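These notes concern the structure reproduced below.
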Amino acid sequence: MIQTKTAGEIDKMRASGRILAEALRRCGESIVPGQTTPQDLNDLAEGIMRAAGATPATLGYRGYPAASCISVNDVVIHGIPNATPLQEGDIVDVDLVVEKDGWHADGAWTFPVGKVSKDVERLLSVTKEALAQGIAKARVGNRIGDVSATIQRYCEGNGYGVVREMLGHGIGRSMHEEPDVPNYGKPGTGERLREGMTLCIEPMINQGTAKIVTLEDGWTVKTLDGRPSAHFEHTVLITKAGPEILTRE
């Protein structure tokens, strides 16, 4: 069942979202090519959450071992932080879920490490724009398919692969709630959007094939062809006045 949120519940989600936005910003600012590791980003994000009285909801979730998902280059999502330094030209997706006072916010950003190639720069730009266009469709009276189709059309129109197996989702008291929010679909289909719904919209876009593979650790998802992938995500509130991004400082 899809849960709409009260004004008080939304305020608590806003608080979680502000913590998350600060953690993402500071992670991005901390990246130094050849020095910063995914584990460093994980530790920084966890420290920011805990200092604010929040907890990292990924830690221990279905056995996941870290406070964040840090995905580098051809890792699409759910990369487990490690001690390998990020190198000039890499891209790194920092994906966080904050829980405070029983309410969650989920967000991700893919950062360039130093100077990246023009092709990779374009992938990041298109994926970020796809998120913005998807959010713009998250309005009362529209349907999930309107969001999904907009993302798919823009990304495939730019020659990229849209991952099918990993989806956006509802969020609130739980990290994952109904409804699913795919990055592909048909306009006018799916659940109708109502005031008070909270959704995670998160295009996961591959430079090459849309096909993916999950590694033996059971978490790390990579592109099948080894080409880069980008991931941007916001937690979004549906309001009468239009979409409100909750994971923004």
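Here, each number is a calculation from the coordinates, and none is a lab measurement. Model, not experiment: these values are computed from the prediction. With ideal geometry, Cβ positions are generated from the backbone for all residues, glycine too; neighbour counts draw on all protein chains shown.
So here's what we get for this one:
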read-out: Residue ID - nearest to the chain's Cα centre (by Cα), chosen from residues in segment 50-98 that are of a type in the set (Val, Ile, Thr), within 19 Å of Gly226 (Cα to Cα) and part of a loop (DSSP other than H, G, I, E, B); value: Ile80
read-out: Given (1) under 22 Å from Pro65 (Cα atoms); (2) part of a loop (DSSP other than H, G, I, E, B); (3) of a type outside the set (D, E, K, R), index of the condition Gly47 fails; value: (2)
read-out: Options Val126, Val98, Val76: the member that is touching a helix residue (DSSP H, G or I) at 6+ places or on another chain (Cβ under 8 Å), hydrophobic (A, V, I, L, M, F, W, C) and closer than 16 Å to Met204 by Cβ; value: Val126
read-out: Hey, Ile212 over 25 Å from Leu246 (Cα atoms), among the β-branched types (Val, Ile, Thr) and in contact (Cβ under 8 Å) with a residue 12 or more places away in the chain or not; value: yes
read-out: Residue within segment 9-31 that is under 22 Å from Val113 (Cα atoms), in contact with a Ser or Thr (Cβ under 8 Å, 6 or more places away or on another chain) and not in a helix (DSSP H, G or I) present; value: no
read-out: Near pairs, Cβ below 6 angstrom, 6+ apart or cross-chain, from segment 110-136 (at positive phi) to any residue that is of a type outside the set (S, T, N, Q); value: Gly114/Pro33; Gly114/Glu88
read-out: Some residue of segment 220-243 being in a loop (DSSP other than H, G, I, E, B), out of contact with any helix residue (DSSP H, G or I) (no Cβ under 7 Å at 6 or more places or on another chain), among the hydrophobic types (A, V, I, L, M, F, W, C) and touching a residue at least 40 places away in the same chain (Cβ under 8 Å); value: no
